[in-house]
Ligand code: DGL
């Protein structure tokens, strides 16, 4: 058992939805978060650049004395998990495999949809993970890049978001998927608009929530849970000015976040 923090990183603010899921699942764990707000978005960049940034993000968190590392960013989990694992020296959990597992258990018709950034979709990481778990499952992927700025703008139940969701998701409904992986940190914030344009029987999979269950499993397996039952210590670091991160971040996190410090990489 150990009180050291769990490190969580993302390309920016979106990973706070994963922190929220972690806090719900593991309310006594200390967390240190790094959001690379100066270089977000990662989802439109090349795998090479994403791998370089991911290595720097991971190194910063390792320097903070973490006991475990969570790659909240779907894009990084899709194209750079191996590089993070090589540098971390602590257990690493990404969001792709937990999300894929949850989708395979949920689908009744063995037809799964996945939405994410262009880099995530182009990597084929979710499709490969699902097919590795159950090769009979058919996977249909669609990049939805406009969802990221809409979530950051706070247009949660907005008409424009609904229109964009209809446009993006219509092809997936034609494929008759019964389960949809929200394969991007920002999408849980838009869950109501996404659900509103889909069949009400569609199962939506939040890969961050699935990853939180995996984090719990690893903590137990390694016997490294925080023994303290005190209120946990949450620390937030970003690479650009903290003001906007704090303002929008509270919407993603679902609570006040306190002090945010700037550490450029
Ligand atoms: N955090 C990214 C993800 O989950 C979305 C934002 C970005 O493109 O950097 O894929």
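Just a yes or no: is a residue in segment 140-147 closer than 25 Å to residue 72 by Cα, at pLDDT 95 or above and buried (at least 23 other Cβ atoms within 10 Å of the Cβ)?
Yes, segment 140-147 contains a residue that is closer than 25 Å to residue 72 by Cα, at pLDDT 95 or above and buried (at least 23 other Cβ atoms within 10 Å of the Cβ).
Could you please find all residues in segment 246-263 being touching a helix residue (DSSP H, G or I) at 6+ places or on another chain (Cβ under 9 Å) and not in a loop (DSSP other than H, G, I, E, B)?
Matches in segment 246-263: 248, 249, 250, 251, 252, 253, 260, 261, 262.
For segment 169-182, which positions are over 20 Å from residue 73 (Cβ atoms) and either within 16 Å of the ligand (Cβ to nearest atom) or in contact with a helix residue (DSSP H, G or I) (Cβ under 9 Å, 6 or more places away or on another chain) (or both)?
Residues satisfying the conditions are 169, 178, 179.
Need the failing condition index for residue 114 against (1) within 16 Å of the ligand (Cβ to nearest atom); (2) outside any helix (DSSP H, G or I); (3) free of Cβ contacts under 8 Å to residues at least 60 places away in the same chain, just the number.
Of everything listed in (1) within 16 Å of the ligand (Cβ to nearest atom); (2) outside any helix (DSSP H, G or I); (3) free of Cβ contacts under 8 Å to residues at least 60 places away in the same chain, residue 114 misses just condition (3).
Go through (1) outside any helix (DSSP H, G or I); (2) surrounded by 21 or more Cβ atoms within 10 Å (Cβ to Cβ); (3) more than 15 Å from the ligand (Cβ to nearest atom) one by one and return the number of the condition residue 185 breaks.
Residue 185 satisfies every listed condition except (3).
Under 8 Å between Cβ atoms, at least 6 apart or on separate chains: pull out the pairs that start in segment 64-88 with a residue that is more than 16 Å from the ligand (Cβ to nearest atom) and end on any residue that is at pLDDT below 95 and not in a helix (DSSP H, G or I).
67/2
Is at least one residue of segment 28-48 within 16 Å of the ligand (Cβ to nearest atom), in contact (Cβ under 8 Å) with a residue 60 or more places away in the chain, surrounded by 24 or more Cβ atoms within 10 Å (Cβ to Cβ) and more than 28 Å from residue 195 (Cβ to Cβ)?
Looking for residues that are within 16 Å of the ligand (Cβ to nearest atom), in contact (Cβ under 8 Å) with a residue 60 or more places away in the chain, surrounded by 24 or more Cβ atoms within 10 Å (Cβ to Cβ) and more than 28 Å from residue 195 (Cβ to Cβ), one finds at least one in segment 28-48, hence yes.
Within the bounds of segment 153-168, is there any residue that is within 15 Å of the ligand (Cβ to nearest atom) and buried (at least 24 other Cβ atoms within 10 Å of the Cβ)?
No; the residues of segment 153-168 include none that is within 15 Å of the ligand (Cβ to nearest atom) and buried (at least 24 other Cβ atoms within 10 Å of the Cβ).
Count, please, the residues in segment 212-245 that happen to be at pLDDT below 95 and assigned to a strand (DSSP E or B).
Qualifying residue count, segment 212-245: 0.
Quickly run through segment 247-264 and pick out the residues that are surrounded by 13 or more Cβ atoms within 10 Å (Cβ to Cβ) and over 16 Å from residue 189 (Cβ atoms).
260, 262
Of the residues 223, 199, which is out of contact with any strand residue (DSSP E or B) (no Cβ under 9 Å at 6 or more places or on another chain) and at positive phi?
Result: 223 is the single residue among 223, 199 that is out of contact with any strand residue (DSSP E or B) (no Cβ under 9 Å at 6 or more places or on another chain) and at positive phi.
The values are calculated or read from the model by the stated rules, or taken from the named source; none is laboratory data. It should be emphasised that the depicted structure is a prediction, and the values quoted were computed from it without experimental measurement. Cβ sites come from the backbone with ideal geometry, for glycine too, and all protein chains shown count toward neighbours.
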